[in-house]
Amino acid sequence: MSATIELLEVATGDIRHIPAGDTTPELLEFRWVEGSHSCDCNREVEWHRAHGLTSPFKGEPCTTGRYLVRITCDGDVILDEHPPQPKETDMKPTEQQMTDFVEHMRAAGQQRVAAERIAQLEARVAQALVAIGIMRTEMCPSFDHLDELEKTLKGDQ
Ligand SMILES: [Zn+2]
């Protein structure tokens, strides 16, 4: 039997391979689900031992969830506590999604340009109305006012 034991340290995301030894899938499953390796105590020791390190474990209160295991026997996953990994297909947008996105951005850009243009035109109309109002109320159109009106209506800055 060929078994792979991948032990994930949740805090670091680091996965280490634990030697399975000569055993059976049933024994492996029992050991890691209900037996001596079902909690973090022995898992922490194994995780450090896998790289020749001494575990810092000193008999702290028993916990679970800090070390998660995935065991594969002869190609079959018999135990998987690891969080699901995002598949490459989940991250890559489809051609249709890319087309939709580009279309969306183009439409949004056109809307923004149109809105800016409308705002510019509205501002010019407002300036023209102010200039005309001044001429009307003063009844003595100065050259300054006429120049301003002319510039405004032409759109010169
Ligand atoms: Zn324990």
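Please treat every number below as a calculation from the coordinates, not as lab data. All figures in this text were calculated on a predicted structure; none of them were measured in a lab. As a convention, Cβ positions derive from the backbone with ideal geometry for all residues, glycine included, and neighbour counts pool all protein chains shown.
Among Q96, H82, Q110, which residue has its Cα positioned farthest towards the positive end of the charge dipole of segment 75-117, with +1 placed on the Cβ of Lys and Arg, -1 on the Cβ of Asp and Glu, and the dipole taken about the Cα centre?
Q110
Please give the helix 40-49 orientation as an angle from the longest Cα principal axis of the chain, in degrees from 0 to 90, rounded to the nearest 10.
Orientation of helix 40-49: about 90 degrees from the principal axis.
Just to be sure I follow the definition: excluding the sites themselves, where is the longest run in the chain that has none of the trypsin sites (Lys or Arg not before Pro) in a DSSP loop with at most 16 other Cβ atoms within 10 Å?
In the chain, the maximal stretch lacking such sites is 88-157.
Taking only Cα atoms and a 10 Å spring cutoff, compute GNM fluctuations for the chain and point out the largest among D40, D74, D147.
D147
Between T23 and E150, what length comes free when the chain is fully extended (0.36 nm per residue of separation minus the Cα-Cα distance, one decimal in nm)?
So the extension gain works out to 36.3 nm.
Just for the chain, what percent of DSSP beta bridges are antiparallel, to the closest 5?
Approximately 100 percent, going by the DSSP bridge assignments.
Where nothing but the Cβ of Lys and Arg (+1) and of Asp and Glu (-1) is charged, how large is the charge dipole of the chain around its Cα centre, in debye to the nearest 20?
480
Mind telling me which of E60, E81, E44 comes out most flexible in a GNM of the chain, alpha-carbon contacts under 10 Å?
E60
With charges only on Cβ, +1 for K and R and -1 for D and E, what is the dipole size of segment 3-80 about its Cα centre, in debye, rounded to 20?
Once rounded to the nearest 20, the dipole reads 340 debye.
Mind listing the phi-derived Karplus ³J(HN,Hα) values for segment 24-37, rounded to whole Hz, using 6.51, -1.76 and 1.60 with θ = phi - 60°, and x for any glycine or proline?
10, x, 5, 5, 4, 4, 4, 4, 8, 9, 10, x, 5, 9
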